[in-house]
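Some notes on the structure that comes next.
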Amino acid sequence: MTTTRLPDWVRRSIGTASQVSTVEQIIKKRGIHTICEEGRCPNRAECYAQKTATFLLMGPVCTRACGFCQVTSGKALPLDPEEPQKVAESVFLLGLRYVVLTSVARDDLADQGAGWFAQTMDAIRERVEEVSIEVLTPDFRGERDCIARVVEAQPVCYNHNIETVYRLQKYARRAANYERSLEVLATVKALDPTIWTKSGIMLGHGETEAEVIETLRDLRSVGCDRITLGQYLQPSREHLPVIRYWTPAEFDHLGAVARELGFAHVRSGPLVRSSYHAGEPG
């Protein structure tokens, strides 16, 4: 049964206007994007204040159309050849010390955008000496060469979100699947065991606690080191509905279970998103 009432614990905070405005001005002037803004993340002001931001590479239009995601889907835009340098300049101007690079899915590109991740990482390091870079990638259709291209660029953490439990994959993700996501994370570890791997689960699509714990076990079985658990919030009436709002106490319980299973870095709470406190110890 669909739940419509929004609990107090998931009401969004607009954050500090000056912190949000500074970042908005810098990124809009350069015509680049952050998932913080495109996804209207409720934590963006907090993350900006902590000198963390998540850049959305390769344009704001995704070639896939997942039912939960508010990023625009459709025909992808041409790549901006200056985007890697623009992102690097923004990282420098904002004084960021921990950067997360994500992207829309680009199934239209020969390498699905893997090389673009690497180019942007190189550009950032040329501009900023002391910076840690985490990547949050699409599944690259499971193609090992694409995953390897990103791994070779040496991110400190490689994130790929499994998003939901096995039973609800086709309902929520459509163009992706559970086994492929596990294989992406396994491939990263096989290519370079020293790189942290990470994944995320959205709660609220109708999953059970047992299914969430089963997913956590499956992620640990492929060596996944870090996990985020957050509440799905329906972006619009055209997106999938929220079936259930999990309580803060339930998120605390699942976080404790994740730690018992061996995850080294756990973030679990209603407003937690993939990059929330990404650069901090678990």
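A short reminder: the numbers here are calculations on the coordinates, not readings from a lab. Computed from a predicted structure; not experimentally measured. Positions of Cβ are backbone-derived with ideal geometry, glycine not excepted, and every protein chain shown enters the neighbour counts.
Could you give the length gained by full extension between LYS75 and ASP108, i.e. 0.36 nm per residue of separation minus their alpha carbon distance, to one decimal place?
11.0 nm
Quick check on the range 75-181: what does the Kirkwood estimate of hydrodynamic radius come out to from the alpha carbon pairs, in Å?
Evaluated on the range 75-181, it is 14.8 Å.
Loop-only GluC sites (Glu not before Pro) in the range 93-167, please: DSSP not H, G, I, E or B, and at most 12 other Cβ atoms within 10 Å.
GLU129, GLU130
Can you list which of the GluC sites (Glu not before Pro) found in the range 175-260 are DSSP loop residues with at most 15 other C-beta atoms within 10 Å?
Within the range 175-260, the qualifying GluC sites (Glu not before Pro) (loop, at most 15 other Cβ atoms within 10 Å) are GLU238.
At 7 Å along Cα-to-Cβ for each site, give me the label-to-label distance between ILE243 and ARG217 in nm.
2.0
Each residue of the range 92-101 in turn: what ³J(HN,Hα) in whole Hz from Karplus with 6.51, -1.76, 1.60 and θ = phi - 60°, glycine and Pro shown as x?
5, 5, 7, x, 6, 10, 9, 10, 10, 10
Taking the Cβ-Cβ separation of GLU260 and ARG125 as r and a Förster radius of 35 Å, what is the calculated FRET efficiency to the nearest 0.05?
0.45
Take the alpha-carbon centre of the range 112-166, take the same for the range 209-282, and report the distance between them in whole Å.
If you average the Cα positions of each part, the centres end up 21 Å apart.
Please give the contour-minus-distance gain from TYR171 to ALA210: 0.36 nm per residue of separation, less the Cα-Cα distance, rounded to one decimal in nm.
This chain segment gains 12.2 nm when fully extended.
Out of SER181, GLN85, VAL165, whose Cα points farthest toward the positive end of the dipole of the range 73-192 (charges: +1 Lys, Arg; -1 Asp, Glu; placed on Cβ)?
The one lying farthest along the dipole's positive direction is VAL165.
Mind pulling the per residue volume of the convex hull built on the Cα atoms of the range 89-128? Å³ is fine.
Given the Cα convex hull of the range 89-128, per-residue volume reads 67 Å³.
Please list, in chain and number order, the residues 5+ apart from SER268 or on another chain whose amide H is under 5 Å from its amide H, with Hs placed from the backbone.
Residues meeting the amide H criterion: LEU229.
Add +1 for every Lys or Arg and -1 for every Asp or Glu among the other residues with Cβ under 13 Å from the Cβ of THR164, and state the total.
Summing Lys/Arg as +1 and Asp/Glu as -1 gives 0.
Would you mind calculating the gained length between ARG97 and ASP145 on full extension (0.36 nm times residue separation, minus the Cα-Cα distance), in nm to one decimal?
Gain on extension, ARG97 to ASP145, equals 14.4 nm.
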